[in-house]
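The structure under discussion appears below in the form of structure tokens.
Read-outs throughout are calculated quantities, based only on the coordinates presented, and are distinct from any laboratory measurement. Note that the coordinates shown come from a computational prediction; the quantities given were computed from them, not determined experimentally. Neighbour counts are summed over all protein chains in view; Cβ atoms, including those assigned to glycine, are modelled from backbone coordinates with ideal geometry.
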Amino acid sequence: MKTILSIQSQVVGARVGNSVAAFAMERLGVRVLQAPTVLLGRRPDHGAPGGGPIPAETLAALLEGLAADGIFAEIDAVLTGYLGAPEQVAVILDAVQRIKAANPKAVFVCDPVLGDDGKLFVSNAIADAVLNGLWPHADWLTPNAFELGLLTGRTVDSLNAARDAAKRIGKPVVCSSIRTALGLGNLLSQPTGDWFCETARLPRAPKGTGDLLSALFVGRRVRGDAPAIALEGATGAVYDVIVRSLAAESEDLLLPEAQSVLDEPVTWPRARSLEMA
């Protein structure tokens with residue numbers, strides 16, 4: 001069975017981070033190993049969240065447990081998301097290196113969870129660790145438009161700007177939350193060509209949609225879906241989950257209730273191939 005190591009936040013009372021990613025990828029038929037970077041009771045935007053970051057030494061010990069059981073050789077992809085402390089970067093990169101030594105086909109996917117809509121929601125120290133330590137080592141990247149701008153030092157406010165920024169990275173990038181006349185779009189930029197997939201505008205979206213998109217795209221790619229199909233399936237599923245969550249007036253993504261659309265979306269937006277610039 002295909003296996004993904006997901007290193008992200010764990011929030012007891014909210015569907016974000018690993019609470020989103022693990023459920024979604026397992027629904028696609030992929031085994032998920034979860035390693036938390038923080039343990040919180042609730043989202044920080046609700047007030048004092050309780051809990052706190054996982055010490056780097058503890059994270060290293062958790063991953064060492066996997067290594068001791070010989071599981072590193074079974075891991076097909078490492079997906080990272082929200083970090084709890086800058087010191088975690090060195091631990092993650094060490095694990096990635098060892099996983100790739102055990103399985104040379106394994107890929108490292110970095111979702112550089114830093115902020116959105118022009119605002120950081122991590123500390124400057126964590127942002128610096130991700131921007132200058134973590135993402136350059138990734139094989140694939142899944143930033144939103146704001147984060148892609150941070151990675152490249154450019155303003156990403158359109159599809160063309162996103163394509164230009166992604167090309168400067170020189171490796172596969174899935175950039176989400178690109179505003180369009182229709183609504184929002186997701187760009188898959190690869191050295192071999194670009195694909196773009198968009199859905200209609202919705203009044204709002206619960207937290208965790210970026211985590212969900214990254215997880216669905218990575219899960220589909222790891223299980224064997226072609227890049228454009230993975231983009232379409234992930235985009236459509238996220239849209240369907242948001243619609244169902246809004247209909248229920250929920251602040252959270254209703255993943256258990258909407259789980260059938262994770263693998264078989266009702267909405268299947270077609271990705272269009274973009275001409276090479």
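Once backbone amide H atoms are built at 1.01 Å from N, PHE108 has VAL78, ASP139, TRP140 as its partners under 5 Å, excluding neighbours fewer than 5 places away on the same chain. Among LEU202, LEU40, the ranking by other beta carbons within 10 Å of each residue's beta carbon, starting with the fewest, stands as LEU202, LEU40. Within the chain, all pairs of alpha-carbon atoms sorted by distance into 5 Å bins from zero give the percentages 1, 6, 13, 18, 21, 18, 14, 7, 2, 0, 0. Neighbours of ARG154, meaning other residues whose beta-carbon lies under 9 angstrom from its beta-carbon, give a summed charge of 0 when Lys and Arg score +1 and Asp and Glu score -1. Remark: spin-label model distance ARG31-TRP268 equals 3.0 nm, labels positioned 7 Å along the Cα→Cβ axis.
Among 22-30, 115-123, 210-218, the peptide with the highest mean count of other Cβ atoms within 10 Å heads the list, and the full ranking is 210-218, 22-30, 115-123. Rounded to whole numbers, the Karplus 3J(HN,Hα) couplings from phi for segment 66-81 are 5, 4, 5, 8, x, 7, 3, 5, 8, 7, 8, 7, 10, 10, 10, x Hz, using 6.51 cos²θ - 1.76 cosθ + 1.60 with θ = phi - 60°, and x at Gly and Pro.
Segment 2-50 and segment 225-245 have their alpha-carbon centroids 19 Å apart.
For GLY185, neighbours were defined as the other residues whose beta-carbon sits under 14 Å from its Cβ, and their charges (Lys and Arg +1, Asp and Glu -1) total +1. Ranking of THR209, THR58, THR235 by neighbouring Cβ atoms within 10 Å, starting from the fewest: THR58, THR209, THR235. For the pair ARG154 and HIS46, a Förster radius of 41 Å applied to the C-beta separation gives a FRET efficiency near 0.80, rounded to the nearest 0.05. Along segment 238-252 the Karplus relation, 6.51 cos²θ - 1.76 cosθ + 1.60 evaluated at θ = phi - 60°, assigns HN-Hα couplings of 4, 4, 5, 5, 4, 4, 5, 5, 5, 4, 8, 6, 9, 6, 9 Hz to successive residues, with x for each Gly and Pro.
Among the lysines of the chain, pairs at least eight places apart or on separate chains and with Cα atoms under 30 Å apart come to 14.
Given R₀ = 35 Å, what would the calculated FRET efficiency be for GLU251 paired with ILE229, taking r from the Cβ atoms and rounding to 0.05? The calculated FRET efficiency here is 0.65. Along segment 207-224 the Karplus relation, 6.51 cos²θ - 1.76 cosθ + 1.60 evaluated at θ = phi - 60°, assigns HN-Hα couplings of 5, x, 5, x, 4, 5, 4, 4, 5, 5, 5, 5, x, 5, 5, 5, 7, x Hz to successive residues, with x for each Gly and Pro.
Between ALA230, ALA125, ALA14, the GNM of the chain built on Cα springs shorter than 10 angstrom shows ALA125 fluctuating the most.
For the chain, what does -39500 (n - 2.57) per DSSP helix run (n ≥ 4), summed and divided by total residues, give at 222 nm, in deg cm²/dmol to the nearest 500?
Using -39500 (n - 2.57) per qualifying helix, the result is -11500 deg cm²/dmol.
The charge dipole of the chain, taken about its Cα centre with unit charges on the Cβ atoms of Lys, Arg (+1), Asp and Glu (-1) only, comes to about 440 debye. Of all DSSP-defined beta bridges confined to the chain, some 50% are antiparallel rather than parallel.
Amide H contacts under 5 Å for ASP194: LEU274, restricted to partners 5 or more places along the chain or on a different chain, H placed in the peptide plane at 1.01 Å from N. Here's how it looks for LEU254: its modeled amide H is under 5 Å from those of SER245, which are all 5 or more places away or on a different chain.
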